[in-house]
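The values are calculated or read from the model by the stated rules, or taken from the named source; none is laboratory data. Predicted model, so just to flag it, every value in this text is computed and none were measured. All Cβ positions, glycine included, derive from the backbone under ideal geometry; neighbour counts span all protein chains shown. Ligands, DNA and RNA are stripped out before the accessible areas are found, and what is left, the full protein with its side chains, is counted by its heavy atoms. Shrake-Rupley method; radii C 1.70, N 1.55, O 1.52, S 1.80 Å.
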Amino acid sequence: MYQVYMVVMEDDPVVSYKASRKGVMRGEEAQKYKEMATTKHDVFLESFLTVGSYKKLYSYTHLLNGFAVHANSEKAAKILSGAKGVRLVQEDIKMAKMTTYTPKYIGASGVWPLLGGAENSGDGIVIGMIDTGIDPKNPSFASFSNQSKQPPPNFKGMCRSGDRFPPDSCNGKIVGARWFARAGQATGEFNATIHYASPYDPDGHGSHTASTAAGNFHTPAISRGYNFGYASGMAPGARLAVYKAAYPFGGYMSDVIAAVDQAVEDGVDVISLSMAPSSVSPGPAAFLNLLETQLLLATKAGVSVVQAVGNGGPDASSVVSFSPWITSVAASTTDRKYNKTIVAGNGQIFSCGGLSPPTPGDTMYPLALADDVSTDNSTDGSNGCQDPKVFIRSLVQGKVIVCMIVSSNYYQGDNFAGIIDTIQKMGAAGVVIIDRYSGDVDYEYQPIFPTAVPSAMVVDGVDMMNLMEYYENNTARDGDGTVITFGATVRILEGRRASYSGERPEVADYSSRGPNIENSQMQLADVLKPNVMAPGHHIWGAWSPTSDALPEVQGESYAILSGTSMSTPHVAGVVALIKQRHPKWSPAMIMSAIMTTADVTDRSGRPLMARRDVGAVVAATPFDMGAGAINAARALDPGLVFDATYREYLQFLCAVPGVDEAAVRRAVGASCPSSRARWCSDLNAPSVTVASLVGSRRVDRKVWSVGAENETYMAYVRAPDGVAVRVSPDEFTVAPGETAALRIVLNTTAPGNAFSFGEVVLRGDKKHSVRIPLAVYPAAVLSGP
């Protein structure tokens, strides 16, 4: 059986070769080294494997020195593992996608004036989108007046034209585009006819995420002929470099690693990754899988990495983005609502869901249950309103038809697009959708789609019963049950105009939760995940009209989607704004600025909430929302930041329980530093997580002042239950560009059987507020001698 393996060699990649003596190679020297490394990979494979038994898919040369190979037996992996010069062999694994108004909601539009206006916000910054590609014809990616054809000077990428991606696709907004599918081709899943051998987006997902991060300012979001408002990316002036490595069937880590390697070589400033492994990699630590360590090397090269935390919520420890050098993003709701109403002939008003126009005029239209206007010989009455052939056209025309679905099958069995298509073909005035078992429909957490046909979904089980009672009481039938007179009437009101309630964001129920894990044995880690939360629920964005991923929006250029895939590019766009404002800040400093300024309460001081199963809402913890809801305006001026170097990340890896120096060396090609960290919690992170506090632990932190003037900070503590917290010094003054050392001492006072949460807040006298979340499991009290 053929399998893809990723092999990392002992030899240096471009970024490491000669780096200790003269900096990173560039230009012609780097190109020659790449060619030499690629030739060595070919010679190496020819030396150990039989010709015809393998195919090399990629040579990795920039961040890693290695290759991906498609081999016809597991024996090949054993041969390669034992070969001299090989550092690591890892089997390829599947990756999964983590599938307008939001710039204002998170404060991004408030900082655009500081950066020269919306169209200049993010200018000079390139966001690398590793996703399903992009539709270059979408208005969100059109070149505008201040975007020259030339990309920023530090960006050296290129545009690969191809099917539906002509040479002029790189127009100033899009500055680079490539595609990576060799693993998908090797497994036979890639089909050039439907997946396109080019950077073109066959899925829609990549166009949506790209427009959220850096879509053009004030672009009409038109769907089904209606303008739902004007969409803008978080950083409308940023440029996009597109690395297509995911497809409707998912993706493979070997393709994604090739995309990351190319993106960093090209010179992107930010990587947005709305996908993650579909399972935890085997091995001593999740932090050591090949993608995580490659992203560490990207961070070392100065590239900020933003990744979806996953859609496995609300289960605990469902995160799929693990490492402290990655900004892992949770998803929240926003306060934008679409309200739909139907009015019955008896005056009853029913609240519904549905992005659709109203029935024309003030006319009341006859209401008809689908089963009452279909032929008797259909196997399932109206057949779920999926098949026009079962309906009696003369009975359907001009009426509002009631279609019953099983709401739990909303995604699968009952195809909403099929219902709308049937109703439209039969000439009905509209459609009302109800649950077949008169249960509540959690419409807020169902996908929603614009329709051209007046439509409404009744969401409350009691309303469904009342509507059907009204219908039956006003419907005359003969002795066989056939309807003689349809006496019930309804109107469907407008449902496409959004309202903004001012409600606080809630963590979406599907957003993956902490605590973070160290390995596939689910041992808990001293690393906070997620890091931050951003809007991810019912987000408008660009879409590919050729996509058949969602039949409900096929042929449209904009769609409304939900997932941590949608929240991730919000944060990537904010990272671009911060990089533009503070070009010398490291990725760790940018993550710190985002985390320490995040909101944990709404404007009235109420705590943010998280949705659990069956609609339950509880107070959100750092394992739901990370440090809180992103606040772009405050993140540009955080006052203090925490930084972490590559050496400190190595110290962190070397402190992971069960990880020895040999494992670290295999993963990253570097040895443990001579000065060791005792605990993973010693990493200079803008949070403190201790998965097992036995007695006492000292946590040291260092902060840098990025304020404009001297500022005096005072430490305020809200201790987790069962833990005493002491901060020293509890007051300090720091000058611009200077550092201050903090010591946080944690002591178990009451052992428990769960994590508890608190915070340290450093409040400055120049209005800065730096919040450090605490997540501690008080495991035991150490007894005295």
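Can you say whether Ala214 is within 28 Å of Thr293 (Cβ to Cβ) and out of contact with any Lys or Arg (no Cβ under 6 Å at 6 or more places or on another chain), as far as the supplied structure shows? Talk me through it step by step, then tell me what you get.
On the way: within 28 Å of Thr293 (Cβ to Cβ): yes; out of contact with any Lys or Arg (no Cβ under 6 Å at 6 or more places or on another chain): yes.
Against the criterion (within 28 Å of Thr293 (Cβ to Cβ) and out of contact with any Lys or Arg (no Cβ under 6 Å at 6 or more places or on another chain)), Ala214 qualifies.
Within the range 733-750, work out how many residues are more than 15 Å from Leu774 (Cα to Cα) and surrounded by fewer than 17 Cβ atoms within 10 Å (Cβ to Cβ). Please lay out each step first, then the result.
First, the residues of the range 733-750 that are more than 15 Å from Leu774 (Cα to Cα): 733-741, 749-750.
Next, only the ones that are surrounded by fewer than 17 Cβ atoms within 10 Å (Cβ to Cβ) stay: 733, 735-739, 741, 749-750.
Of the residues in that region, 9 qualify.
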Would a scan of the range 240-252 turn up a residue that is under 21 Å from Asn171 (Cα atoms), crowded, with 24+ Cβ neighbours inside 10 Å and aromatic (Phe, Trp, Tyr)?
yes
Taking the stated definitions as given, is Asn72 outside the structural domain of Met253 (by the TED database), among the polar types (S, T, N, Q) and in contact with a His (Cβ under 9 Å, 6 or more places away or on another chain)?
no
Name the residue that is modelled with the highest pLDDT, counting only residues in the range 18-34 that are open to solvent by 100 Å² or more (accessible area, probe 1.4 Å) and in a helix (DSSP H, G or I).
Lys32
How many residues are assigned to a strand (DSSP E or B) and buried (at least 19 other Cβ atoms within 10 Å of the Cβ) when one looks only at the range 52-86?
12
Taking Ala779 as the residue in question, decide whether it is assigned to a strand (DSSP E or B), open to solvent by 30 Å² or more (accessible area, probe 1.4 Å) and on the phi < 0 side of the Ramachandran plot.
yes
Criterion violated by Ala588 - all others in (1) among the aliphatic types (A, V, I, L, M); (2) open to solvent by less than 40 Å² (accessible area, probe 1.4 Å); (3) touching a helix residue (DSSP H, G or I) at 6+ places or on another chain (Cβ under 7 Å); (4) under 24 Å from His570 (Cβ atoms) satisfied
(3)
Filtered residue count, the range 385-400, keeping only those that are over 21 Å from Ile342 (Cα atoms) and either modelled with pLDDT under 90 or crowded, with 22+ Cβ neighbours inside 10 Å (or both)
6
Name the pairs whose Cβ atoms lie under 9 Å apart, with the first residue in the range 484-513 and closer than 15 Å to Leu608 by Cβ, the second of a type in the set (Lys, Arg) and open to solvent by 50 Å² or more (accessible area, probe 1.4 Å), and 6 or more positions between them or separate chains?
Gly502/Arg603; Arg504/Arg603; Arg504/Arg606; Asp509/Arg612
Some residue of the range 361-373 being open to solvent by less than 20 Å² (accessible area, probe 1.4 Å) and at pLDDT below 90:
no
Output the number of residues of the range 469-502 satisfying the condition of being modelled with pLDDT of 90 or more and open to solvent by less than 30 Å² (accessible area, probe 1.4 Å).
7
Show the residue pairs meeting these rules: Cβ distance below 6 Å; 6+ apart or different chains; first residue within the range 267-292 and at pLDDT below 80; second residue not in a loop (DSSP other than H, G, I, E, B).
Ser278/Lys94; Ser278/Ala96; Val280/Ala286; Pro284/Ala663
Please enumerate the residues belonging to the range 716-727 that are open to solvent by 30 Å² or more (accessible area, probe 1.4 Å) and farther than 13 Å from Val761 by Cα.
Asp721, Ala724
Quick one: would you say Gly85 is modelled with pLDDT under 90, more than 22 Å from Pro282 (Cα to Cα) and not assigned by the TED database to the domain that holds Pro277?
no
Out of the strands (runs of 3 or more DSSP E) lying entirely within the range 279-377, which hold 2 or more residues that are assigned by the TED database to the domain that holds Asp255 and under 30 Å from Tyr60 (Cα atoms)?
304-308, 327-332
Within the range 699-715, is there a residue that is of a type in the set (Gly, Ala, Ser), open to solvent by 30 Å² or more (accessible area, probe 1.4 Å) and in contact with a strand residue (DSSP E or B) (Cβ under 8 Å, 6 or more places away or on another chain)?
no
Please determine whether any residue of the range 109-116 is over 27 Å from the mean Cα position of the chain (by Cα), more than 30 Å from Ala210 (Cβ to Cβ) and open to solvent by 40 Å² or more (accessible area, probe 1.4 Å).
no
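From Pro535, Pro515, which residue is within 14 Å of the chain's Cα centre (by Cα) and over 22 Å from Gly250 (Cβ atoms)?
Values: Pro515 fails: within 14 Å of the chain's Cα centre (by Cα).
When all the criteria are applied, what remains is Pro535.
Kindly check whether there is at least one residue in the range 608-617 that is on the phi < 0 side of the Ramachandran plot and in contact with a helix residue (DSSP H, G or I) (Cβ under 7 Å, 6 or more places away or on another chain).
To start, the set of residues in the range 608-617 that are on the phi < 0 side of the Ramachandran plot comprises 608-613, 616-617.
Now drop any that are not in contact with a helix residue (DSSP H, G or I) (Cβ under 7 Å, 6 or more places away or on another chain), which leaves 608, 610.
The answer is yes, given that some residue of the range 608-617 is on the phi < 0 side of the Ramachandran plot and in contact with a helix residue (DSSP H, G or I) (Cβ under 7 Å, 6 or more places away or on another chain).
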Does Thr100 satisfy the condition of being modelled with pLDDT under 85, open to solvent by less than 50 Å² (accessible area, probe 1.4 Å) and of a type in the set (Val, Ile, Thr)?
yes
Give me the pairs: first residue in the range 334-347 and open to solvent by 10 Å² or more (accessible area, probe 1.4 Å), second residue assigned to a strand (DSSP E or B) and of a type in the set (D, E, K, R), beta-carbon distance under 8 Å, and six or more apart or on different chains, which are they?
Val343/Arg491
Got at least one residue in the range 624-641 being of a type in the set (A, V, I, L, M, F, W, C), out of contact with any helix residue (DSSP H, G or I) (no Cβ under 8 Å at 6 or more places or on another chain) and surrounded by fewer than 20 Cβ atoms within 10 Å (Cβ to Cβ)?
no
Long-range neighbours under 7 Å by Cβ, at least six apart or interchain, first residue farther than 30 Å from His582 by Cα within the range 719-741, second in a loop (DSSP other than H, G, I, E, B) and not small (Gly, Ala, Ser):
Gly722/Thr749; Gly722/Pro751; Val723/Thr749; Ala724/Thr749
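I'm trying to understand the selection: among the residues of the range 36-51, which are farther than 23 Å from Trp179 by Cα and surrounded by 16 or more Cβ atoms within 10 Å (Cβ to Cβ)? First the steps, then the outcome.
Going through the range 36-51, the residues farther than 23 Å from Trp179 by Cα turn out to be 36, 40, 43-51.
Residues satisfying the conditions are Lys40, Phe44, Leu45, Leu49.
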Taking the range 179-210 as the search range and keeping residues that are charged (D, E, K, R) and surrounded by 22 or more Cβ atoms within 10 Å (Cβ to Cβ), which one is nearest to Gly128 (Cα to Cα)?
Asp201
